[in-house]
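Participant: Sharing a structure here in structure tokens format.
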Amino acid sequence: MPAVQSVHDRAIAHLYTAHHGWLLGWLRRRIGNGWDAADLAQDTFVRLLAAPDTTPEKQRGWQFDEPRAYLALVAKRLLVNLHRRRALEQAYLETLARLPESLAPSPEQRALLLEALQQIDAALDGLPAPVRTAFLLAQLEGLGHAAIAARLGRSERTVKRYMVQAMACCIVHLP
């Protein structure tokens, strides 16, 4: 016996049927890679399914009046995340390549470290740019609050507030 489909699921199914082909073509033209385009198109609809507050009854808005614009917006955000994850992974692999073989982590450790880096990146993504920059300067370059304040043109007190905000974000988002 089939499960009862919610209004939300029916709306997404309609969007999928009506616009999946267009979205896939749009993504292919944008990134030039059919496999990534197919993955991102699928992820776009999965993201919509996971967001129950977008049902037409709950929220009438431009996402249903302009479905292609809405789908493109969601897909662009996923594309930015894909590029950021790949850049992070490339930087990580380049760092590993510079390590002496005796210090190189095992493949399992590499996978766990990369996953942790991606979780941190996702957590920091929600922060305002100056907060994220201050946190990264402290963590990656070892700068103190005064040096970060000078570099960002902010007060030391503001940098301390940024650090608290970034740490709180990491605590909330990381397991």
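Participant: Could you tell me how many of the residues in the stretch 55-83 are over 25 Å from residue 124 (Cα atoms), open to solvent by less than 70 Å² (accessible area, probe 1.4 Å) and either among the aromatic types (Phe, Trp, Tyr) or modelled with pLDDT under 85 (or both)?
Facilitator: Qualifying residue count for the region: 5.
Participant: Is it true that residue 88 is among the aliphatic types (A, V, I, L, M), surrounded by 15 or more Cβ atoms within 10 Å (Cβ to Cβ) and at pLDDT 85 or above?
Facilitator: No, not satisfied.
Participant: In the stretch 118-147, how many residues are farther than 30 Å from residue 78 by Cβ and in contact with a Lys or Arg (Cβ under 8 Å, 6 or more places away or on another chain)?
Facilitator: 2
Participant: Moving on to the next point. Could you tell me whether the stretch 86-100 includes any residue that is part of a helix (DSSP H, G or I), of a type outside the set (A, V, I, L, M) and closer than 23 Å to residue 25 by Cα?
Facilitator: Looking for residues that are part of a helix (DSSP H, G or I), of a type outside the set (A, V, I, L, M) and closer than 23 Å to residue 25 by Cα, one finds at least one in the stretch 86-100, hence yes.
Participant: Exactly one of (1) within 25 Å of residue 85 (Cβ to Cβ); (2) open to solvent by 40 Å² or more (accessible area, probe 1.4 Å); (3) at pLDDT 90 or above is unmet by residue 24. Its number?
Facilitator: Here residue 24 meets the rest and fails (2).
The values are calculated or read from the model by the stated rules, or taken from the named source; none is laboratory data. Bear in mind the structure is a predicted one, so any value in this text is a computation, not a measurement. As a convention, Cβ positions derive from the backbone with ideal geometry for all residues, glycine included, and neighbour counts pool all protein chains shown. Ligands, DNA and RNA are stripped out before the accessible areas are found, and what is left, the full protein with its side chains, is counted by its heavy atoms. Shrake-Rupley method; radii C 1.70, N 1.55, O 1.52, S 1.80 Å.
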